[in-house]
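Take a look at the structure below.
Readers should treat all values here as calculations from the given coordinates under stated rules, not as data from a laboratory. Keep in mind that this is a model prediction, so the values were computed, not measured. Virtual Cβ from ideal backbone geometry, glycine too; neighbours counted across all protein chains shown.
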């Protein structure tokens, strides 16, 4: 009983002390509350990454993740490089094919040998006598350089003479002759397709006969005639191996013993042969 009264007394003292502490004490300093703090600035929103996030792939323990398939370009057929006489290594450098074609074209156009054949026409009138001439002159040409050519050949000339006023106005009389010979020619290409042409012919010719006073008798006689010719020409290229020429020549032996009348105009054809 004694101990119960002591316990109640102690509990009452404790409650009375607590109430005494909660009462305001006279002369005590006022209670200062802390000032409100400013709210923290908002964090900027995180930007969305440009690349998609990697999705983890579950793999069972003790296994390796499967490799992702990669793009494989289609297989190209193998390129075989074969060597040639112009390219022993088999490699083609830039511009080599164009240079080879140009060299081939040049070689075809300027082979060492060529056939040079043509025909010529001429007409003249002197002292009442008219002369019409036609000629054929095939030859074999040899190129010494790209610009200089020489070669031997044959020549045939046909002449028809007309006599009108020569015999005092009588009826016109015609005499025909045939001439066969050999020749040599030379050409020098000057610029572009223009060239200088010269020939020298030795011909067994039928000529008009003359009496002691130099008058024509109306008959023919056979003689050997030397004919020097020279002039200029122009070449028109038909293809790499063929060309056509027009040549105008002057006969330095233009007299009654001549087989060509001035000017001598010839149309020649050139054909390259060989390599």
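In table form, for the structure just shown:
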quantity	calculated
Computed lengthening from residue 200 to residue 224, 0.36 nm per intervening residue step minus Cα-Cα distance	7.3 nm
FRET efficiency, 1/(1 + (r/R0)^6) with R0 51 Å, evaluated for residue 124 and residue 98 via beta carbons	0.50
Normalised contact order of the range 106-273, rounded percent, pairs of Cα under 8 Å and 6 or more residues apart	23
Estimated FRET transfer efficiency when R0 is 22 angstrom, pair residue 241-residue 188 (beta carbons, to 0.05)	0.55
Residue 110 paired with residue 234, simple spin-label distance in nm, labels 7 Å along Cα-to-beta-carbon	2.3
